[in-house]
1. Only residues that are over 30 Å from Y362 (Cβ atoms), touching a residue at least 60 places away in the same chain (Cβ under 8 Å) and among the β-branched types (V, I, T): list them for region 179-211, please.
2. Please determine, by comparing only the residues of region 348-377 that are crowded, with 18+ Cβ neighbours inside 10 Å and among the β-branched types (V, I, T), which one is farthest from the chain's Cα centre (by Cα).
3. Please enumerate the residues belonging to region 124-158 that are of a type in the set (S, T, Y) and modelled with pLDDT of 90 or more.
4. Would you mind telling me which numbered condition in (1) surrounded by fewer than 18 Cβ atoms within 10 Å (Cβ to Cβ); (2) among the aliphatic types (A, V, I, L, M); (3) modelled with pLDDT of 95 or more I189 fails?
5. Right, E244: surrounded by 19 or more Cβ atoms within 10 Å (Cβ to Cβ), among the charged types (D, E, K, R) and not assigned by TED's automatic domain parsing to the domain that holds A78 or not?
6. Is there any pair linking a residue in region 240-257 that is charged (D, E, K, R) to one that is assigned to a loop (DSSP other than H, G, I, E, B) and surrounded by fewer than 19 Cβ atoms within 10 Å (Cβ to Cβ), with Cβ under 9 Å and at least six apart or on different chains, and which?
7. So, of the residues in region 212-239 that are touching a residue at least 60 places away in the same chain (Cβ under 8 Å) and among the aliphatic types (A, V, I, L, M), which turns out to be surrounded by the fewest Cβ atoms within 10 Å (Cβ to Cβ)?
8. Conditions first: (1) surrounded by fewer than 17 Cβ atoms within 10 Å (Cβ to Cβ); (2) at negative phi; (3) in contact with a strand residue (DSSP E or B) (Cβ under 8 Å, 6 or more places away or on another chain). E109 passes all but one, so which condition is the exception?
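The values are calculated or read from the model by the stated rules, or taken from the named source; none is laboratory data. Bear in mind that the values here come from a model prediction, so they are computed numbers and not experimental data. Every residue, glycine as well, gets a Cβ built from its backbone with ideal geometry; the counts of neighbours run over all protein chains shown.
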Amino acid sequence: MGQLVHPIDDLLRLEKKNTDLAERNRNSVTSRTTALTDISIKIISDLDELYSLHNEWNELAASSENPLLQFAWYASCAEAFSSRGYLHTIVVKRRDEVVAIAPLGEVGEGGARRLEILGSSILCEPCGFLFKDDAALAVLIDTILRMKKPVFSGRLDNSSTEFETFQSAGKHTFAVQAHHVTHSPWLPITESWKEFQKTISASKRSALRRAQRRANEYGAVTMEILSPRPDDMQCYLDEIYTVEHASWKARTKTSIRSNSQMKKFFNTYAKKMATDGALRLSLMRIDGRTVAGQIGVEYAGRFWVLKVGYDERFAHCSPGILLMHHTIQYAFERGMKSFEFLGRDEQWIRMWSENVHHYSSYWHYPINTAGIVWFVKDSSRILLTKISTLLRKKNYAKND
């Protein structure tokens with residue numbers, strides 16, 4: 001249930017000290033002080049109470065035109081990844097109006113617990129906070145930092161003020177900060193499909209034709225992009241889960257079928273989006289057998305790809321690339337504004353676009369037991385990942 005976090009006089013002192021935000025907002029001290037006296041802050045740890053925010057949440061998220069900030073995304077995260085005591089969402093109200101939300105969860109054991117944006121460490125997709133204005137965001141981030149817990153905010157949009165505000169506020173705390181920049185590819189749609197195809201290099205167009213010929217040699221090729229209803233979507237989802245598992249993702253245990261929480265998330269989210277008519281499931285079949293699949297949504301005039309997979313037994317004909325090409329064609333012919341690949345910037349996607357969105361992941365480690373524990377955990381994980389990558393490269397070079 002909800003609880004009040006810190007007294008309002010602390011907020012007033014913080015606001016008077018925060019000259020950077022004062023200049024940005026260009027409000028007088030009097031008006032800002034008056035606004036702050038009407039602020040209340042609540043922590044939501046109950047799923048039913050979270051659902052009561054549905055409408056207010058989506059009102060704050062509307063201007064972003066991003067489905068990954070909508071209530072459906074974070075509610076699905078809360079349902080799929082929550083364990084006892086996980087949900088820790090912070091809500092800021094001004095004069096009884098919800099003006100900011102931090103969709104947080106709390107992970108870890110005992111006294112060494114960390115706050116992180118719901119699902120961010122598992123799904124690794126762009127995420128963020130919801131806020132009406134910079135003053136509301138400042139109160140939200142100050143509330144988070146005053147809890148003196150480690151914080152992980154994965155992949156905040158660099159074009160937003162969240163990362164900048166986090167860094168600025170964090171400098172005034174007794175803590176260690178770190179950040180890492182990543183990118184997600186996207187394709188602006190500004191011309192016809194026929195004209196766009198001419199921008200793909202001749203060698204890539206040739207590779208696509210060759211892959212199509214090889215696919216035809218296996219059997220009759222069909223492509224579908226479905227918009228299923230909630231009551232008939234599961235059979236198609238299961239096809240995609242199966243084909244995604246028939247690849248290296250099964251060996252690395254990163255497929256949806258390998259992770260029951262991940263499967264619950266996609267089942268839950270897909271049902272919500274199917275109810276809204278926004279779910280898009282793409283399938284490539286050869287002689288009726290599914291060889292590639294995608295989970296996506298059509299939202300705000302854009303196509304968003306959430307998951308891709310292919311059966312590596314058909315890798316000779318590049319079914320994942322052929323299906324992606326078909327899905328991009330669908331977005332062009334539907335007159336959409338852009339195609340959002342999401343995920344990470346991978347070389348195989350460059351055949352369609354060189355454009356990327358920039359994101360910054362942010363870590364905050366207060367100088368206390370929990371902060372030190374999580375700093376050591378994260379540092380060790382990053383070091384082991386780098387060592388593993390170097391060893392794989394050496395093995396590949398040796399085998400070559």
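1. Correct list: I189, I200.
2. Checked region 348-377; the qualifying residue farthest from the chain's Cα centre (by Cα) is V373.
3. Passing the criteria: only T143.
4. (1)
5. Yes: the conditions hold for E244.
6. The qualifying pairs are K253/N259.
7. Among those that are touching a residue at least 60 places away in the same chain (Cβ under 8 Å) and among the aliphatic types (A, V, I, L, M), it is A220.
8. That leaves (3) as the condition not met.
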